[in-house]
Amino acid sequence: MRWWDIEPVLELEHELFPEDAWSAGMFWSELAHARGPGATRRYVVAEADDGRIVGYAGLAAAGDLGDVQTIAAARDQWGTGLGARLLTDLLRAASDFECAEVLLEVRVDNTRAQKLYARFGFEPIGFRRGYYQPGNVDALVMRLSDPATSVPADGPVQGETTHG
């Protein structure tokens, strides 16, 4: 993800997460840590053939711990495997950052995402009450031990571009 991707990502963010969407400032702050030799973040976007951003994802790394900060796919991409490809990219980055484990929070009412994470080996380890505001929705905390062993060998499908 680059600075020029922020506006189209924000459009998708507000469409998918109207109550608790990230702000432009939050994306700018994350991208500030995604470049250079001391980078601790990996942010990517997925583009359709027509150049439209159809997904995005981000990971933060600190020491040997990775944290999925965000992951989203446009509704017209649900069921296409895009979420799995974005998550694969983040887990490869976690491996590159030498993370021993990866954590994430997911809304308790987002069973689609929970199933995706479980397919990759994430396991529930707790809850964060009222984590998503202003809706006061709980988050399920999930953990993946040894992300390097959870990364499939295949990459993005034809006709889709993913770039950092």
Failed condition for Ala74, given (1) in contact (Cβ under 8 Å) with a residue 40 or more places away in the chain; (2) open to solvent by 20 Å² or more (accessible area, probe 1.4 Å); (3) farther than 27 Å from Ala100 by Cβ, with all others met? (2)
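Which residue is farthest from Arg2 (Cα to Cα), if the candidates are limited to the stretch 18-42 and must be open to solvent by 70 Å² or more (accessible area, probe 1.4 Å) and either part of a loop (DSSP other than H, G, I, E, B) or in contact (Cβ under 8 Å) with a residue 60 or more places away in the chain (or both)?
Across the stretch 18-42, the extreme among qualifying residues is Glu19.
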Going through (1) closer than 22 Å to Ala148 by Cβ; (2) touching a residue at least 24 places away in the same chain (Cβ under 8 Å); (3) aliphatic (A, V, I, L, M) one by one, Val45 fails only at (1)
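The values are calculated or read from the model by the stated rules, or taken from the named source; none is laboratory data. Since the model is a prediction, treat every value here as computed from it, not as a measurement. We place every Cβ from the backbone using ideal geometry, glycine too, and count neighbours over all the protein chains shown. Surface accessibility is based on the protein's heavy atoms, side chains included, excluding ligands, DNA and RNA. Shrake-Rupley method; radii C 1.70, N 1.55, O 1.52, S 1.80 Å.
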